[in-house]
Amino acid sequence: MSAPLLQASGLSLRFGAIAALDDVALEIHPGEVVAIVGESGSGKTTLLRVLSGLMRPEAGTVRYRDPAGAVHSVHDMGEAAMRRLHRSDWGFVHQNPRDGLRMRVSAGGNIGERLMAVGARHYGGIRAEATAWLQRVEIDPERIDGMPDKFSGGMQQRLQIARTLVTHPRLVFMDEPTGGLDVSVQAKLLDMIRGLVADLGLAVLIVTHDIAAARLLAHRLLVMRHGRVVEQGLTDRVLDDPQHEYTQLLVASVLAA
Amino acid sequence: MTMGMSWSIRTEGLGKAFTLHLQGGTRIPVLGGVDLGVAPGECVALSGPSGAGKSTLMRCLYGNYGAGEGRILLRHQGEILDLAAADARAVRAIRRETLGYVSQFLRVIPRVPTLEIVAEPLIARGTPREAALAAARALLLRLNLPARLHGLPPATFSGGEQQRVNLARGFAPGYPVLLLDEPTASLDAANREVVIGLIEAAKLAGTAIIGIFHDTEVRDRVADRLFEVLPMPAAA
């Protein structure tokens, strides 16, 4: 059995009187896709931000194992090390592509910038890699010099995914990646994420309120409510045989498709 | 396989009840004290009235429903494992290597071509991609799904065609234990014969099979014995 890539325990964080995280524990192993589901305000986005080091918990630890096998405490590693980690071994896909893209840099530049951040220097090689990734996310390579603010929402999101995955991170955090998109665009994006995750063997921690997306993508599911993980397990079991009252309500509220 | 290997899958005192929190916590017992063992190469057909819990038992055996009590023992990569107590990652490994399930309906994944759907479980267990695709192609053709359909996602296929995709996906890896839920329900006579042939070949290869067969003719031809699932007393 492989050691976990990320291991969190005892995470707590309050916003005033509200417990955003209440004693949350979680681990994710290489190649595993874990979805965090729950309604707005359940604490799932806060959890993602704490796990990825963007936010500090009041209590608890998050430990990350690097490719050499050394284990680091995410909230004690310092800003420079954290930035390096987010540029190389980790990726973060934001709900709003504008938060993950540089809107005044071309599509090719957005992808190339990540490659240069991990040491790529050869212009021709970077451009070829950017072209290949545009094709991989079904963006016409002719638009490599186009600006992302001229792209549709779905294209922007696919560009953000290409920018994130080009450095072959081992762990990718995704915050409602299909959130702001039309339903038809969502299906295409979900399928693309599913294919890329399987091909690249990525570990993914994805926050979503979309139960169907979680069923399609995730091996394992965590259900959050009021800052607590109320139920977790194999995706199809949690959805088909939910034990907790809240999970039963969540599943019963979804229209069958 | 070693001598004295009397079973591939065995349940001990398997029980399952559902607690409906949205209906005031009503508790519905469905299965209790199920002891079922199936030997390599044996096919057991579940019998019993509709609603008795045959499908619930199948879902428990696949880990889709959590077992409420008892054990579900499987021989997985040389070890005996209890599926009822296995965590999510262990269940995934068991499903990848040891335990297959052909449900009544294909859960269609948007945009994924038929050939990829069938080859996927083979690739997941390490079969090289080209070999996996070739095996998938051969099995689809054997199930009379013409090559022109292999590149299409099955979303628009008929019920019978989707079921044959499902069957190909379930039979392709040659799992040691295979669960079949109504495998011939929407098939014509010719394809029913193909499925009977697949089941017989799997048995010869040592697969333990548990099935629900409403088609009694198919059942009588493939099943070595019946296992009766009886409804639980209402006031449990």
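Remarks
- Within the stretch A:82-128, considering residues that are over 23 Å from A:D149 (Cβ atoms) and touching a Leu at 6+ places or on another chain (Cβ under 8 Å), the one surrounded by the fewest Cβ atoms within 10 Å (Cβ to Cβ): A:D89
- One residue stands out among those in the stretch A:14-40 that are free of Cβ contacts under 8 Å to residues at least 60 places away in the same chain and away from chain B (no Cβ under 12 Å): the one that is surrounded by the most Cβ atoms within 10 Å (Cβ to Cβ), which is A:R14.
- Residues that are of a type in the set (S, T, N, Q) and touching a Ser or Thr at 6+ places or on another chain (Cβ under 9 Å), drawn from the stretch B:168-227: B:S186, B:N191, B:T207
- Residue within the stretch B:45-57 that is within 11 Å of another protein chain (Cβ to nearest Cβ), outside any helix (DSSP H, G or I) and small (G, A, S) present: no
- Subset of the stretch A:169-190 [more than 17 Å from A:S152 (Cβ to Cβ) and not aromatic (F, W, Y)]: A:P169, A:R170, A:L171, A:V172, A:M174, A:D175, A:E176
- A:R102 vs. criteria within 22 Å of the chain's Cα centre (by Cα) and either among the basic types (K, R) or assigned to a helix (DSSP H, G or I) (or both): yes
- Among the criteria (1) without any contact (Cβ under 8 Å) to a residue 40 or more places away in the chain; (2) of a type outside the set (S, T, N, Q); (3) closer than 21 Å to A:T164 by Cα; (4) surrounded by 14 or more Cβ atoms within 10 Å (Cβ to Cβ), the one A:L51 does not fulfil is (1).
- Where strands (runs of 3 or more DSSP E) sit wholly within the stretch A:157-257, none has at least 2 residues that are surrounded by 19 or more Cβ atoms within 10 Å (Cβ to Cβ) and more than 20 Å from the chain's Cα centre (by Cα).
- Residues of the stretch A:163-217 satisfying the condition of being among the polar types (S, T, N, Q) and within 14 Å of chain B (Cβ to nearest Cβ): A:T178, A:S184, A:Q186
- Within the stretch B:68-122, considering residues that are in contact with a His (Cβ under 8 Å, 6 or more places away or on another chain) and part of a helix (DSSP H, G or I), the one nearest to the other protein chains (Cβ to nearest Cβ): B:A88
- Members of the stretch B:184-225 found to be buried (at least 18 other Cβ atoms within 10 Å of the Cβ) and touching a residue at least 60 places away in the same chain (Cβ under 8 Å), listed by number: B:I199, B:K203, B:T207, B:A208, B:I209, B:I210, B:G211, B:I212, B:F213, B:R219, B:V222, B:A223
- Yes/no for A:R136 being under 22 Å from B:E116 (Cβ atoms), more than 14 Å from every other protein chain (Cβ to nearest Cβ) and not acidic (D, E): yes
Laboratory data are not the source of any read-out in this text; all were calculated from the coordinates shown. For clarity, every value in this text was computed on a predicted model and none was experimentally measured. All Cβ positions, glycine included, derive from the backbone under ideal geometry; neighbour counts span all protein chains shown.
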